[in-house]
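Enquirer: The following block contains the structure, expressed as structure tokens.
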Amino acid sequence: MPLVSMRQLLDEAARGGYGVGAFNVNNMEQIQAIMEAARETQSPVIVQASRGARSYSQDRFLYHLMLAATELYPEIPMVLHQDHGNSAETCKSAIALGFTSVMMDGSLMPDGKTPSTFEYNVKTTREVVEAAHAKGVTVEGEIGVLGGIEDGHGAGLDGLSHLTDPDQAAEFVGLTGVDALAIAIGTSHGAYKFSKKPTGETLKMDRLIEIHKRLPNTHLVMHGSSSVPKELQDIINQYGGKLRPTWGVPVEEIQLGIKNGVRKVNVDTDCRLAITGAIRKVFTEKPEEFDPRSYLKPAREAMRRVVALRMTQFGQAGHVGDYAPIPLEEMAKRYRELSAA
Ligand SMILES: [Zn+2]
């Protein structure tokens, strides 16, 4: 199956009332882990690459690995998504490369650090929507500013300082025509999201529910939504790691989000923790090993397990065969008809 647009996948998820995990990749083993988890759980998938991942993998390697995945897993609908595009140029280069979905994060200036103005966000996101929709490619925007820093991207603020305003979110979607919207409700990127189990004071699920009421037809996106399970932290620390105690977003809060319009759930930290724990374990238990496969195989397997678990928890499991892929040209035609209407 060719890569499909994220819009098709999220529309289908909305019809089915489930969420779809979006997992970050930088290399072959991570792509393989996701694809094996998808096959095992019969899930459609979103694979995403940050700017850092694109630079690490030199773009073309990543793209061709994804093409290999479409050949080897033809039954699985897959989206290749640009995570946190910092400028229209980044998004346009992703579209030119063959990504089927892009995020224009206009909540920050192109430096990826400085919070922007609403006007700048609307203008830049609108430019990306026009370029992307002409090719049938999906656009995710962001309003409000997420906490933390991921791959060098982020204002480094705590998750509560720029929460998404529901009125502004509705205005933003109306002005830009984005397909999906990342909202700030207290989540942060990275491993250190919360210093204790999050409550209604730190994770604003009521805000999410309010935004969904205002925008019932916009697919909401939860960023920074790793659960950072203690078991995965413990493995790392047991084998010589030095993680400080930390809490992520509880799976039941994500499931509440999915009941209230969240269709895309970004997960990166959990996969990183699983991989690092597995590698540390081999290094500690078998210091004589020097074949990279001896630790990359368990690392891949550990990531596969956590991805399969999330796919089941988000509800995408079992939905692999729900739909026939819509070619991007057809998606472009639909956007043209919609804007003419
Ligand atoms: Zn993010």
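Computed from the coordinates by the stated procedures, all read-outs in this text should not be read as laboratory data. Keep in mind that what you see is a predicted model, and the values were worked out from it rather than measured. In this analysis, Cβ positions are derived from the backbone assuming ideal geometry, glycine residues included, and neighbour counts consider all displayed protein chains.
Enquirer: Would you point out the residue of region 130-168, among those that are polar (S, T, N, Q) and in a loop (DSSP other than H, G, I, E, B), that is surrounded by the most Cβ atoms within 10 Å (Cβ to Cβ)?
Expert: Top of the filtered list is THR164.
Enquirer: Continuing with the same structure: Name the one entry in SER101, SER87, SER93, SER107 that is of a type in the set (Ser, Thr, Tyr) and touching a His at 6+ places or on another chain (Cβ under 6 Å).
Expert: After applying the criteria, what remains is SER101.
Enquirer: For residues that are within 16 Å of the ligand (Cβ to nearest atom) and either outside any helix (DSSP H, G or I) or touching a Lys or Arg at 6+ places or on another chain (Cβ under 6 Å) (or both), tally how many sit in region 220-276.
Expert: 18
Enquirer: Any residue at all in region 197-207 that is among the basic types (Lys, Arg) and either without any contact (Cβ under 8 Å) to a residue 40 or more places away in the chain or within 14 Å of the ligand (Cβ to nearest atom) (or both)?
Expert: No, region 197-207 has no match at all.
Enquirer: All but one of (1) surrounded by fewer than 18 Cβ atoms within 10 Å (Cβ to Cβ); (2) in contact with a helix residue (DSSP H, G or I) (Cβ under 7 Å, 6 or more places away or on another chain); (3) in a helix (DSSP H, G or I) hold for LYS297; which doesn't?
Expert: (2)
Enquirer: Across region 24-40, what is the total count of residues that are closer than 14 Å to ALA317 by Cβ, out of contact with any Leu (no Cβ under 9 Å at 6 or more places or on another chain) and not acidic (Asp, Glu)?
Expert: 3
Enquirer: Looking only at residues that are more than 16 Å from the ligand (Cβ to nearest atom) and not in a loop (DSSP other than H, G, I, E, B) in region 169-193, which one is surrounded by the most Cβ atoms within 10 Å (Cβ to Cβ)?
Expert: Selected residue: PHE172.
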